[in-house]
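The structure appears right after this line, and notes come after that.
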Amino acid sequence: MTDSGALKVLEPIKIPSVTDTVFAELHQQILSLELPPGTKVSEVEVAKALGISRQPVRDAFFRLSQLGFLLIRPQRATVISKISEAAVLRAKFVRTALEMACWTAALPLISDSQIEELARTLGDQKAAVDANDQKLFHALDDDFHRRICEIAGHEYVWALIREQKAHMDRVRFISLTIGAAQKAYDDHIDLIDALRQRDRSRLETVLTEHLGRIEFILGKIRAEKPEYFQE
């Protein structure tokens, strides 16, 4: 008979609330531009579409407004916020700092087998690029970067990065429609090579260029889609 005292202390399983589910769905639609900047949204319509009461929708709207994605105006329509160039650049700064710390921490820890595990994911990324599947590539891109945080022993950092980079993601989604996925994929190949060579200098250079490219993309997209941006 097993000694119950030897059992590992288990964490309770967290079941997403209705508010969490509504928030996640709207968050994804905003980031992927299924709900473009300037789109009007209604608590009543969202609640009706999802078959739920208005309270969890109201709570989800509030959370999105706190992140800067919804503009809630009393007695006026609630709209998806336009993209703030300043918010994108702040997010890029924070993400670069956090990811650079994780990649450099992972470099002396990562095993050859883990490097090859990451390299194998490039096949799926290439397939997404060839299929012009922006949603899939974006998800695979996130998984690639998240895995480094795990290997570095700082998996909790990815939650911070994910929250910060949300303002970058709307710009990134637009960029994926104009060929940026191929360049991101090429950068991933270079990052894998730097890991294989245990070359910290090259790793830092490639990662800085990889994450910093958003500044060039931002200007290009703003010129093409000025209606998506704040004045």
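What number of residues in the stretch 55-88 are hydrophobic (A, V, I, L, M, F, W, C), over 15 Å from residue 163 (Cα atoms), out of contact with any Phe, Trp or Tyr (no Cβ under 7 Å at 6 or more places or on another chain) and assigned to a helix (DSSP H, G or I)?
Final tally of qualifying residues: 4.
Give the stretch 165-184 a look and list any residue that's of a type in the set (D, E, K, R) and open to solvent by 50 Å² or more (accessible area, probe 1.4 Å), or say none. Lay out the reasoning, then the answer.
Going through the stretch 165-184, the residues of a type in the set (D, E, K, R) turn out to be 165, 169-170, 172, 183.
Correct list: 183 only.
Report whether or not residue 187 is within 19 Å of the chain's Cα centre (by Cα), assigned to a helix (DSSP H, G or I) and surrounded by 18 or more Cβ atoms within 10 Å (Cβ to Cβ).
no
Is one or more of the residues making up the stretch 86-100 open to solvent by 20 Å² or more (accessible area, probe 1.4 Å), farther than 30 Å from residue 193 by Cα and touching a strand residue (DSSP E or B) at 6+ places or on another chain (Cβ under 9 Å)?
no
Here is a list of conditions, (1) crowded, with 18+ Cβ neighbours inside 10 Å; (2) under 25 Å from residue 80 (Cα atoms), and residue 162 meets all of them except one; can you say which number that is?
Of the numbered conditions (1) crowded, with 18+ Cβ neighbours inside 10 Å; (2) under 25 Å from residue 80 (Cα atoms), the odd one out for residue 162 is (1).
If I filter the stretch 1-45 down to residues being in a helix (DSSP H, G or I) and aliphatic (A, V, I, L, M), which single residue comes out as modelled with the lowest pLDDT?
6
Can we say residue 59 is out of contact with any Asp or Glu (no Cβ under 8 Å at 6 or more places or on another chain), modelled with pLDDT under 90 and of a type in the set (D, E, K, R)? Please lay out each step first, then the result.
Details: out of contact with any Asp or Glu (no Cβ under 8 Å at 6 or more places or on another chain): yes; modelled with pLDDT under 90: no; of a type in the set (D, E, K, R): yes.
In short, no.
Matching residues to (1) on the phi > 0 side of the Ramachandran plot; (2) of a type outside the set (S, T, N, Q); (3) surrounded by fewer than 18 Cβ atoms within 10 Å (Cβ to Cβ):
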residue: 19; (1), (2), (3): no, no, no
residue: 36; (1), (2), (3): no, yes, yes
residue: 40; (1), (2), (3): no, yes, yes
residue: 54; (1), (2), (3): no, yes, yes
residue: 74; (1), (2), (3): no, yes, yes
residue: 80; (1), (2), (3): no, yes, no
residue: 108; (1), (2), (3): no, yes, yes
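Considering only residues that are outside any helix (DSSP H, G or I) and open to solvent by 20 Å² or more (accessible area, probe 1.4 Å), which ones fall in the stretch 190-231? Let's see the steps before the verdict.
The first filter runs over the stretch 190-231 and keeps only residues outside any helix (DSSP H, G or I), leaving 198-199, 213, 225, 229-231.
Once the filter is applied, which keeps residues that are outside any helix (DSSP H, G or I) and open to solvent by 20 Å² or more (accessible area, probe 1.4 Å), the stretch 190-231 yields 198, 199, 213, 225, 230, 231.
Quickly run through the stretch 97-142 and pick out the residues that are part of a helix (DSSP H, G or I), under 21 Å from residue 177 (Cβ atoms) and of a type in the set (S, T, N, Q).
Result: 125, 134.
The values are calculated or read from the model by the stated rules, or taken from the named source; none is laboratory data. A quick note: this is a predicted structure, and the numbers were derived from the prediction, not measured. Positions of Cβ are generated from backbone atoms using ideal geometry, with glycine treated the same way; all protein chains shown enter the neighbour counts. Remember, those area values only see protein heavy atoms, side chains included, never the ligands or the DNA or RNA. Shrake-Rupley method; radii C 1.70, N 1.55, O 1.52, S 1.80 Å.
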